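Trainee: Attaching a single structure in structure tokens format; questions to follow.
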Amino acid sequence: IETEEFNFDMLNIKKSHPARQMHDTFYVNNKSCVLRTHTSPVQVRGMLEKKPPFAFISGGKVYRKDDDATHLPMFHQIEGLVIDRETHFGHLKGCLLNFLEAFFEVEKLPLRFRPSFFPFTEPSAEADIGCSRDGGEIQIGGGEDWLEILGCGMVHNNVLSACGLDPDKYQGFAFGLGVERMAMLKYRIPDLRTFFDADLRWLKHHGFMPLETPSLVRGLS
């Protein structure tokens, strides 16, 4: 449970933003608190508690009013944040390219950035990776098509100021991704809801054995 201040206000999300409406967000305690809609409040708390330079990853459960084969009311999200005096968009691109090539185990993975909008970053971008859709099946790493993979951008000056950092001295980048969505793409899982069925046959089918921990050394498959 998170306060509206940390979930929205400190992240430059205005009261008129659609994400703050009842049809998108679970409110509790007469609308003073919410089930957090993203892990970005951890970024705010980190900036308030520490002095730059710093870089950290935050992850955990988030909640939104969605429920279908590719969306759930509860899912897991991971976000990264880097703040320093000379951090720029090139650092963000390099970080994401290294991560995505390692995660999908594809060398020279095609990666592009499309302009987008997030209240807490400016400029903001959607990161797409190259893929093909031959025969209705997605193949990551080549082809003439693109697949949206995550959102990212440079931390908005208003967020830095709200957290007590001087935007004339510091800048940084942030990115966020859905854990289940990444797993669906990597292991070609068609229905997000099967992650929570607790079916041992499903775990064995996809090779998710409890004692086999993926790593960069052993491989991430």
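Trainee: Can you compute 3J(HN,Hα) from phi for each residue in region 144-161, using the Karplus curve 6.51 cos²θ - 1.76 cosθ + 1.60 with θ = phi - 60°, rounded to whole Hz and x for Gly and Pro?
Mentor: The phi angles translate into 9, 10, 10, 10, 5, 10, 6, x, 7, x, 8, 4, 5, 4, 5, 5, 4, 5 Hz.
Trainee: Then there is this: For the chain, what is the mean residue ellipticity at 222 nm derived from helices alone (per DSSP H run of n ≥ 4: -39500 (n - 2.57); sum divided by total residues; nearest 500 deg cm²/dmol)?
Mentor: -6500 deg cm²/dmol
Trainee: Using heavy-atom solvent-accessible surface (probe 1.4 Å) with all chains present, what is the largest-first order of Val179, Val217?
Mentor: From most accessible down to least: Val217, Val179.
Trainee: A further question on this structure: So, in Å, what gap is there between the alpha-carbon centers of region 133-167 and region 36-88?
Mentor: So the two Cα centres are separated by 13 Å.
Trainee: In addition: For His156, which sequence-distant residues (separation of 5 or more, or a different chain) have an amide H within less than 5 Å of its own amide H, given hydrogens modelled in the peptide plane?
Mentor: Thr121, Glu122
Trainee: Let me check against my output: what whole-number percent is the relative contact order of the chain, with C-alpha pairs under 8 Å and at least 6 apart?
Mentor: 19
Trainee: Taking Cα pairs under 8 Å and at least six residues apart, what relative contact order does region 1-81 come out at, in percent?
Mentor: 28
Trainee: Given a 1.4 Å probe, how much area per residue of the chain is accessible, in Å²?
Mentor: Per-residue value: 56 Å².
Trainee: Around Phe175, which amide H atoms from residues at least 5 apart in sequence, or from another chain, sit under 5 Å from its own amide H, with H modelled in the peptide plane?
Mentor: Gly80
Trainee: Of Met184, Thr121, Pro167, which is farthest along the charge dipole of region 99-197 in the positive direction, counting Lys and Arg as +1 and Asp and Glu as -1 at C-beta?
Mentor: Highest projection toward the positive end goes to Pro167.
Trainee: Given the whole protein assembly as supplied and a 1.4 Å probe, what does the accessible area of Phe26 come to in Å², nearest 10?
Mentor: Solvent-accessible area, nearest 10 Å²: 60 Å².
Trainee: A follow-up question, please. Taking loop as defined by DSSP and a crowding limit of 15 other beta carbons within 10 Å, which trypsin sites (Lys or Arg not before Pro) in region 1-103 fit?
Mentor: Sparse-neighbourhood loop trypsin sites (Lys or Arg not before Pro): Lys14, Lys15, Lys31, Lys50, Lys65, Arg85.
Trainee: Carbon-plus-sulfur fraction of the accessible area of the chain, 1.4 Å probe, in percent?
Mentor: After summing per-atom areas, the C and S share lands at 54 percent.
Trainee: Once the dipole of the chain is set up with Lys and Arg at +1 and Asp and Glu at -1 on Cβ about the Cα centre, which of Pro110, Leu147, Met10 lies farthest towards its positive end?
Mentor: The one lying farthest along the dipole's positive direction is Met10.
Trainee: Using the Cβ atoms and a cut-off under 11 Å, what net charge is assigned to the surroundings of Ser132, where Lys and Arg are +1 and Asp and Glu are -1?
Mentor: -3
Trainee: Give the ranking of Val106, Val34 by solvent-accessible surface, highest area first, calculated with a 1.4 Å probe.
Mentor: In descending accessible area the options line up as Val106, Val34.
Trainee: Moving on. From the backbone phi of region 50-62, what are the Karplus-calculated ³J(HN,Hα) couplings (6.51 cos²θ - 1.76 cosθ + 1.60, θ = phi - 60°) in whole Hz, Gly and Pro given as x?
Mentor: Coupling constants for region 50-62: 10, 10, x, x, 7, 8, 8, 10, 10, x, x, 6, 9 Hz.
Trainee: Pull out a ≥ b ≥ c, the square roots of the eigenvalues of the alpha-carbon gyration tensor of the chain, then state rounded if a/c is under 1.5, prolate if not and a/b is larger than b/c, and oblate in the remaining case.
Mentor: Judged from the Cα gyration tensor, the chain comes out oblate (a/c at least 1.5, b/c at or above a/b).
The values are calculated or read from the model by the stated rules, or taken from the named source; none is laboratory data. For clarity, every value in this text was computed on a predicted model and none was experimentally measured. Cβ: placed from backbone, ideal geometry, glycine included. Neighbour counts: every protein chain shown. Areas reflect the complete protein model, heavy atoms only, side chains present, ligands, DNA and RNA absent. Shrake-Rupley method; radii C 1.70, N 1.55, O 1.52, S 1.80 Å.
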